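The values are calculated or read from the model by the stated rules, or taken from the named source; none is laboratory data. It should be emphasised that the depicted structure is a prediction, and the values quoted were computed from it without experimental measurement. Because the Cβ atoms are built from the backbone with ideal geometry, glycine has one as well, and the counts that use them run over all protein chains shown.
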Amino acid sequence: MPPSGAAAGAHPLRRLTVLMAGWEFPPFHTGGLGVHCFEISCELARLGHRVIFLTPFPGPFVEAPGVEFRTLGERLPPGTQIPGAYTPAEIYGPRFLDVVNQYNEWIADLADTEGADIVHVHDWFGTVGCRDLARRLRIPMVMTVHSTELDRTLGHPFAPILERERIGVRSADRVIAVSRHLGDQLIALYDAPPGRVRVVYNAVHPVTPELDEDRTRDVVLYLGRLTRMKGPDTFLRAAAVVAPEFPEIRFAVAGEGPEYEYLVGLAAQLGIGDRVLFFGKVTDEERTALLRDAAVFVLPSVVEPFGIAALEAMAAGVPTIVSKTSGVGEVVPSAFQVDFWDVDEFASRIAELLEYPHLNREMGDQGRSEATFATWAERARQTVEVYREAIRSRSIKR
Amino acid sequence: MKIVFYLHLHQPWRLARFRYLDLGSGKPYFDVDRNLEIFRRISENCYRPTLDRLAALLRKDPGFRVSLSITGTFLEQAALAAPDVIERLQGIVETGRVALLSETYYHSLAFLLPPPELEEEVDLHQRRLEELFHVRPRVLRMTELVYDDDLARFAAREGFSGMLAEGWEGPLRGRSPNHVYSSVARGVSVLLRNYRMSDDVGFRFSARGWTEYPLTAEKYARWLSRSPGDVLGLFLDFETFGEHHPASTGILDFLSALPHAVAAEPNLEWATVEDAVRVPPAGPIVVPEPMSWADENRDLGAWLGNDMQRSAFDAARKAGTFARSAHDPEIMSDWRKLLTSDHFYYMYVSGKGADADVHRYFSSYSNPYDAYANYMNALNDLRRRSLARTRPSR
């Protein structure tokens with residue numbers, strides 16, 4: 001064990017070896033969790049740390065220089081389906097938990113862990129295995145929470161998942177929440193000791209500003225999974241209020257999810273069937289194109305621990321409206337913040353951004369600088385700080 | 001050395017949230033309840049206790065003099081929220097040792113609008129002062145202490161004998177701010193704010209990190225006494241006493257102790273702005289561009305520094321044409337309440353540093369975009385109302 005904290009400033013700090021259990025990793029990702037795992041792993045590697053990523057997926061993964069992979073996939077019977085992190089559990093039922101159990105057992109018994117300094121688990125998937133692994137290796141465990149089961153199910157949690165979340169929060173030496181809002185929830189509903197909770201926000205890569213200033217931005221954009229938690233129906237209801245006043249504007253819904261059919265029906269019912277375009281799941285290129293055409297981005301989530309899509313929109317210079325319950329609001333003070341249920345206020349904010357060009361431009365510029373203020377490298381450095389804190393807390397205990 | 005102790009009283013009519021969807025709804029623009037609630041709170045912390053202290057000092061010390069500017073919107077809110085504040089003001093003005101100043105009724109940037117807006121607002125304000133206080137001021141101050149040569153000419157036309165301005169280095173060209181200067185307009189003297197001495201009280205009084213902390217009345221009077229020159233302007237926001245610096249900082253006791261401490265320095269005497277403009281000028285002062293007392297640059301950047309602010313002011317100017325042709329006093333008064341400079345101040349996009357903190361402290365919105373959108377909605381609605389009135393009925 002190296003001398004703790006006090007020496008930190010004087011010597012180059014020792015590089016750490018991190019066993020990271022993140023379930024999904026691009027291209028096998030369905031949401032913010034996979035993106036976060038990819039970015040943080042790459043940046044940790046770039047900072048000189050050794051990252052060993054533990055995933056059930058067999059690969060191949062997108063290029064992540066310096067990141068080592070161990071996959072459960074090789075041990076699974078051929079043809080086993082591995083669900084993405086945001087696939088509703090009921091679709092897979094008990095078989096989903098079978099894969100999860102195998103993942104955890106595999107982690108608990110992981111071999112070749114020589115020199116590991118820290119176990120880092122993301123969300124609930126590998127909490128049991130990581131807890132056991134950390135105990136066996138006598139090293140600290142850090143858990144990052146990206147969202148909670150209580151939120152994802154709007155208060156109707158699937159018990160085995162909730163239990164795994166609790167195990168993670170209880171066993172972790174430090175718990176990282178992706179927003180203060182989420183951190184407070186972990187303290188209130190998961191009994192996380194306040195002294196162990198830290199906040200590390202997500203980040204985005206800067207987008208080169210569009211040079212074509214005269215380009216018409218005529219799209220009001222929703223981009224996210226189509227689940228009740230994300231509030232896409234609020235987007236459509238607000239669109240219906242605004243649409244008659246702005247006949248040249250198009251409303252775009254990009255993303256897929258269980259609410260898709262309901263939403264298509266709702267748009268027709270609201271009389272804006274011809275004004276809303278449903279894009280389904282979009283590729284990175286399509287997303288970039290949508291953001292280039294967007295005059296306004298709306299994130300109306302009922303529950304949103306962070307909301308990285310809003311950060312991406314702002315980085316692209318698109319003025320953004322977020323619900324007050326979105327964690328991303330904590331890092332982008334210039335975004336309009338609206339109560340998630342207030343359809344008229346969403347409609348008014350959209351109309352204001354369409355009506356007043358100076359507002360649109362200045363908010364877009366300011367949002368760009370706020371969204372790109374902190375980089376993933378900075379977030380990785382903050383994560384390392386938490387690792388070191390966790391390690392120090394162990395050496396003090398001994 | 002004459003000490004001119006001048007305090008400024010102002011409250012804006014802050015807007016309610018006026019949504020885009022509220023256009024045409026007839027919903028009022030201003031949140032009267034909230035404004036009056038703020039007024040009552042500040043009355044409790046500042047207006048009442050400070051006015052009571054000033055009254056006591058005037059009773060005790062025959063040499064003590066104060067000058068006050070009180071905006072029309074302040075008087076409107078006081079009448080509704082705390083009429084006793086007006087009575088207290090009347091009480092000290094009756095002593096004859098408190099001078100009042102003229103300004104724009106709505107604390108506006110009317111000097112940037114086409115005539116006759118500026119003249120009308122100054123007249124409106126003057127009439128209100130005559131009604132309430134039976135005085136006719138001889139000295140003019142412009143919103144946020146804005147001053148330039150054109151305003152001096154305006155003051156001359158309106159019969160004023162003096163104007164206030166920031167004692168900023170540029171136009172002083174190495175000369176001391178502690179003198180009266182002659183403006184480019186005949187008969188109009190310029191009284192300058194000694195911003196260092198004023199900010200010692202206004203900004204630094206409660207700053208524990210300041211090397212001079214804590215500031216006592218005796219120490220401050222000694223500084224005044226040792227200052228070169230013949231007239232020194234301490235120009236402050238009235239809310240310095242009890243609001244910006246809460247009573248717990250000792251600011252009110254500082255105020256109470258100041259006249260006694262000043263009396264102990266033989267070369268110091270108090271003067272109102274009206275006393276001071278009679279002091280012979282030390283030389284001319286030329287200010288071609290508007291200069292204010294706000295921010296590091298002392299220009300109009302705090303209100304018209306960014307595109308949103310300029311476009312909002314421009315829209316307000318255009319709306320004025322419609323508002324005037326509607327010939328409806330209610331529309332006119334709503335429009336003028338929207339001219340109050342505070343609305344533009346809220347649209348300032350803060351960077352970092354001291355100015356940003358000051359802007360945040362004074363803003364009634366969570367961010368400048370909120371302020372702008374809300375303002376533009378109200379102005380749009382006002383234009384619609386005006387047009388509806390102007391359009392000939394068929």
* Which numbered condition B:Ala152 fails, given (1) touching a helix residue (DSSP H, G or I) at 6+ places or on another chain (Cβ under 9 Å); (2) of a type in the set (A, V, I, L, M); (3) farther than 23 Å from B:Val98 by Cα -> (1)
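Okay, residues lined up against (1) among the aromatic types (Phe, Trp, Tyr); (2) farther than 25 Å from B:Asp334 by Cβ; (3) in the same structural domain as B:Ala257 (by TED's automatic domain parsing); (4) out of contact with any strand residue (DSSP E or B) (no Cβ under 7 Å at 6 or more places or on another chain):
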position: B:Ile38; (1), (2), (3), (4): no, no, yes, yes
position: B:Leu68; (1), (2), (3), (4): no, yes, yes, no
position: B:Gly72; (1), (2), (3), (4): no, no, yes, yes
position: B:Ala82; (1), (2), (3), (4): no, no, yes, yes
position: B:His107; (1), (2), (3), (4): no, no, yes, no
position: B:His134; (1), (2), (3), (4): no, yes, yes, yes
* Scan of the stretch B:205-231 for residues that are in contact with a His (Cβ under 9 Å, 6 or more places away or on another chain), closer than 25 Å to B:Asp52 by Cα and among the hydrophobic types (A, V, I, L, M, F, W, C), ordered by number -> B:Phe205, B:Ala217, B:Ala221
* Asked: Got at least one residue in the stretch B:307-329 being hydrophobic (A, V, I, L, M, F, W, C), under 30 Å from B:Thr50 (Cα atoms) and in contact with a Leu (Cβ under 8 Å, 6 or more places away or on another chain)?
  -> no
* Structure fact -> The condition of being in the same structural domain as B:Leu101 (by TED's automatic domain parsing) and assigned to a loop (DSSP other than H, G, I, E, B) holds, among B:Gly187, B:Gly170, B:Gly233, only for B:Gly187
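Considering A:Val332, A:Val318, which residue is at pLDDT below 95 and in contact with a Gly (Cβ under 9 Å, 6 or more places away or on another chain)?
Only one candidate qualifies: A:Val332.
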* Pick from B:Tyr6, B:Tyr105: which is assigned to a strand (DSSP E or B) and aromatic (Phe, Trp, Tyr)? -> B:Tyr6
* All but one of (1) among the basic types (Lys, Arg); (2) farther than 19 Å from A:Glu389 by Cβ; (3) touching a strand residue (DSSP E or B) at 6+ places or on another chain (Cβ under 8 Å) hold for A:Arg164, so report the exception by its number. => (3)
* Some residue of the stretch A:199-222 being basic (Lys, Arg), free of Cβ contacts under 8 Å to residues at least 60 places away in the same chain and either surrounded by fewer than 22 Cβ atoms within 10 Å (Cβ to Cβ) or within 27 Å of A:Asp339 (Cβ to Cβ) (or both) -> no
* Select from the stretch B:266-306 the residues that are acidic (Asp, Glu), at pLDDT 95 or above and surrounded by 17 or more Cβ atoms within 10 Å (Cβ to Cβ) and list them in ascending order. => B:Glu274, B:Asp275
* Provide a single number: the residues in the stretch A:163-194 that are of a type in the set (Val, Ile, Thr) and part of a loop (DSSP other than H, G, I, E, B). => 1
* **3 or more residues surrounded by 20 or more Cβ atoms within 10 Å (Cβ to Cβ) and in contact (Cβ under 8 Å) with a residue 12 or more places away in the chain: qualifying helices (runs of 4 or more DSSP H) within the stretch A:31-120** => A:32-46, A:94-108
* To do: Just need a number here: residues in the stretch B:79-102 that are of a type in the set (A, V, I, L, M), in contact with a Lys or Arg (Cβ under 9 Å, 6 or more places away or on another chain) and in a helix (DSSP H, G or I).
  => 2
* Which listed residue, of B:Pro281, B:Pro288, is more than 29 Å from B:Arg65 (Cα to Cα) and either of a type outside the set (Ser, Thr, Tyr) or touching a residue at least 40 places away in the same chain (Cβ under 8 Å) (or both) -> B:Pro288
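Residue by residue through the stretch B:17-34, note down the ones that are among the small types (Gly, Ala, Ser) and within 13 Å of chain A (Cβ to nearest Cβ).
Residues satisfying the conditions are B:Gly24, B:Ser25.
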* Asked: Do you know which of the residues in the stretch B:26-61 that are in a helix (DSSP H, G or I) and among the hydroxyl-bearing types (Ser, Thr, Tyr) is surrounded by the most Cβ atoms within 10 Å (Cβ to Cβ)?
  -> B:Tyr47
* How many residues are of a type in the set (Ser, Thr, Tyr) and modelled with pLDDT of 95 or more if we restrict to the stretch A:349-397? -> 3
* Asked: Are there any pairs with C-beta distances below 7 angstrom linking a residue in the stretch A:277-298 that is closer than 18 Å to A:Ala239 by Cβ to a residue that is of a type in the set (Ser, Thr, Tyr) and at pLDDT 95 or above, with the two at least 6 apart or on different chains, and if so which?
  -> A:Phe297/A:Thr320; A:Val298/A:Tyr222
* Output yes when any residue across the stretch A:355-363 is among the charged types (D, E, K, R), within 14 Å of A:Val219 (Cα to Cα) and within 14 Å of another protein chain (Cβ to nearest Cβ), and no when none is. => yes
* Within the stretch A:197-266, strands (runs of 3 or more DSSP E) holding 3 or more residues that are of a type outside the set (Lys, Arg) -> A:219-223, A:250-254
* Structure fact -> From the option list A:Arg15, A:Arg75, A:Arg50, single residue qualifying as of a type in the set (Lys, Arg) and within 14 Å of A:Tyr103 (Cβ to Cβ) is A:Arg75
* Structure fact -> Exactly one of A:Phe373, A:Phe346, A:Phe340 is more than 9 Å from every other protein chain (Cβ to nearest Cβ), in contact with a Phe, Trp or Tyr (Cβ under 8 Å, 6 or more places away or on another chain) and touching a residue at least 24 places away in the same chain (Cβ under 8 Å), and that residue is A:Phe346
* **Those residues of the stretch B:311-353 which are within 14 Å of another protein chain (Cβ to nearest Cβ) and assigned to a helix (DSSP H, G or I), in sequence order** => B:Ser311, B:Ala312, B:Phe313, B:Asp314, B:Ala315, B:Ala316, B:Phe344
